[in-house]
Amino acid sequence: MRVALLAFRLMCLAWLWPVSSQYPSKRRHKEQHGENTKQKHGGRVDLKMKKQDSTKSLLIKSEQLLRIEDHDFAMRPGFGGSAIPVGIDVQVESIDSISEVNMDFTMTLYLRHYWQDGRLAFPSSSNKSRTFDARLVKKIWVPDVFFVHSKRSFIHDTTMENIMLRVFPDGNILYSVRITVTALCSMDFSSFPLDTQNCSLELESYAYNENDLMLYWKNGNDSLRTDEIVLSQFFVEDFQPSFGLAFYSSTGWYNRLNINFLLRRHIFFFMLQTYFPTMLMVMLSWVSFWIDRRAVPARVSLGITTVLTMSTIITGVSASMPQVSYVKAVDIYLWASFLFVFLSVIEYAAVNYFTTVEEMKRLRRAKIPNSYDATQAMAFDGCFHDNDIELTSFTEVPSTPNTERNTQTRNSTVSGPTEGTRLRHKNPVLQHFSFIMSNSYMIDSYSRVIFPLAYLLFNIIYWSLYA
C-alpha cells in the first residue's frame, strides 16, 4: 500500500515538473526583452508605450468647453440675419521684391481678423481668453478673406503653421495668420527711371457679399502698421489704408479693403549704370573733331566704337524692362544720345567727302593749259584763287585808246543799271555754305562748338521735364 502511494506521488511530481520550469524561462525572457528594449532606445522608455500626452487631452477638453460638436460651423455666425462685421488689422513685415518685368510685388504681412461668434462663448471666472493653434481653426468658422489680383501666396509653416486663434469668454475671436503674397501692380513706365509707382494690395471675402459679411478696418487709419522697410531700388513714401466696394455681375457687391503704398525709385543706380556711360560715349565721339581729317582709320574706328557701345547700352536697358508699347524717359535719353553719336560719324563722312572734292578741284586746276585766261580758269573751278593761278604766263596787253574806251563803256554799263531793272543778290547763307564746302576743315571747327552746346541744351530740357 505504501509502495503504491509512493509511486503515485512520483508520477505527480514528474507531471508537474515541466509546467513549473516554464515560468522562470518566461520571466527571464521578459527581463531580457526589457533590457534589449532599453538598450535599443538608449535607456529611454518608448513613448509609444505610454498614453497620449496631456496636450491632446487638453485640446479635447477645450473642444468640449467650446461645444464645437454641438454646432454646425459650416454656417456663418448669425446666419439669416444681418451681415456679420469682421474687422481687419494688418502689420506689414517686409516688401521682399518688386519686379518691373513681371509687374508685381511680394509682401510678407500679419493679417488679423476680429469678429464675434456666440457659439464659442464659454463661462470663465477669471475672464481670460484661450489661445489655440491651427488644429482648432479647421473645426470652426473663419472669414474667407483672399487677396485680389494675387499670383501666389502661402502661409508660413516653420516650425509650425503660423496661425493663432484666440477665443474670449464672450465669444469675441482674434484670428491671426502670417502670409507672404505676390500680387499684381499696374506700373506706368513713361517716366522710368524717374518714376513713382502706386501699388495696392486688396482684400475681399470670396463667398460672402455685403449682405452676409462686412469687412472694415478695425482701427481706422491705425489699422495698417509697418516696420521700417528698406528697399534696394525704391523709397517707400507712404502707406495708406482705404475702403471700397467691388461689383460682380453674378454675385453682387462685396466689401474691399485696400493697402496702398507709394514707391519712388532710386535714381543713383541708373545714373551709374546708364546715364553716366551714355554721357561719356557721347563726349568720346566728340574727340574725332580734334583728330586730323586725313586720319581716316582713327576717326572711323572711333565713330564705329561709340555707335556699337551705345547699341549695347540700349539693348541692356531694354532687356531688363517689360515690353511696353509706349516710350519711356530712359528711351528718349538713350536714343537722343545715340543720335548725337551717329551724327558725329555722319559729320566725318561729310568732312571726308568735301575734302576729297576740294582735292580733286585742285588737281584739275593744276592741269589747266597756258592758253586759258583767268576767266576760263574761274569758270572751270567755280571760284577764283589768286594763289592757284599763275598769271606770269599771260602776256600783258598794251593799252590803246580803243581799249580804254571799251573799258569805260563796260564800267559805266555795270555801275549804272537802267531804271526798272532788278539786281539779283546771292543768298548769304548759300554763300557761306559754299565757302564751308570749299574749306571742309571748318566743319570740324563748327562741330567742336555746336555738338557740345546742343547736347547741353538737350540735357537741360530733359532733366527739367522728368527730374
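Restricting attention to the range 159-178, the residues that are open to solvent by 50 Å² or more (accessible area, probe 1.4 Å) and of a type in the set (S, T, N, Q) total 2.
Residue count for the range 302-334, restricted to those that are open to solvent by 50 Å² or more (accessible area, probe 1.4 Å) and either without any contact (Cβ under 8 Å) to a residue 24 or more places away in the chain or under 26 Å from SER186 (Cβ atoms) (or both): 12. The residue pairs whose first member lies in the range 435-449 and is open to solvent by 60 Å² or more (accessible area, probe 1.4 Å), whose second member is modelled with pLDDT under 90 and of a type in the set (Asp, Glu), and whose beta carbons are closer than 9 Å, counting only pairs six or more residues apart or on different chains, are MET437/GLU358. Take the conditions (1) within 30 Å of the chain's Cα centre (by Cα); (2) assigned to a strand (DSSP E or B); (3) over 26 Å from TYR248 (Cα atoms); SER190 misses just one of them, which is (2). Taking the conditions (1) more than 22 Å from the chain's Cα centre (by Cα); (2) in a strand (DSSP E or B); (3) not aliphatic (A, V, I, L, M) in turn, PHE235 satisfies each one other than (1). Of the residues making up the range 113-130, those that are open to solvent by 20 Å² or more (accessible area, probe 1.4 Å) and outside any loop (DSSP other than H, G, I, E, B) are TYR114, GLN116, GLY118, ARG119, ARG130. Can you spot a residue in the range 105-112 that is modelled with pLDDT of 90 or more, open to solvent by less than 60 Å² (accessible area, probe 1.4 Å) and either assigned to a loop (DSSP other than H, G, I, E, B) or touching a Gly at 6+ places or on another chain (Cβ under 8 Å) (or both)? No, the range 105-112 contains no residue that is modelled with pLDDT of 90 or more, open to solvent by less than 60 Å² (accessible area, probe 1.4 Å) and either assigned to a loop (DSSP other than H, G, I, E, B) or touching a Gly at 6+ places or on another chain (Cβ under 8 Å) (or both). Here ASP133, ASP96, ASP72, ASP89 are screened, and the one residue that is open to solvent by less than 30 Å² (accessible area, probe 1.4 Å) and either without any contact (Cβ under 8 Å) to a residue 60 or more places away in the chain or of a type in the set (D, E, K, R) (or both) is ASP89.
Of the residues making up the range 241-273, those that are assigned to a strand (DSSP E or B), of a type in the set (A, V, I, L, M) and open to solvent by less than 80 Å² (accessible area, probe 1.4 Å) are ALA246, LEU257, ILE259, LEU262, LEU263. Whether any residue in the range 179-189 is over 18 Å from VAL92 (Cα atoms) and surrounded by fewer than 18 Cβ atoms within 10 Å (Cβ to Cβ) is what I want to check. Checking the range 179-189: at least one residue is over 18 Å from VAL92 (Cα atoms) and surrounded by fewer than 18 Cβ atoms within 10 Å (Cβ to Cβ). The condition of being among the basic types (Lys, Arg), assigned to a helix (DSSP H, G or I) and touching a residue at least 40 places away in the same chain (Cβ under 8 Å) holds for only one of ARG293, ARG299, that being ARG299.
The values are calculated or read from the model by the stated rules, or taken from the named source; none is laboratory data. No experiment lies behind these values; they were computed from the predicted model shown. So basically every Cβ, Gly included, is an ideal-geometry build from the backbone, and we count neighbours across all protein chains shown. SASA here: full protein model, heavy atoms, side chains in, ligands and nucleic acids out. Shrake-Rupley method; radii C 1.70, N 1.55, O 1.52, S 1.80 Å.
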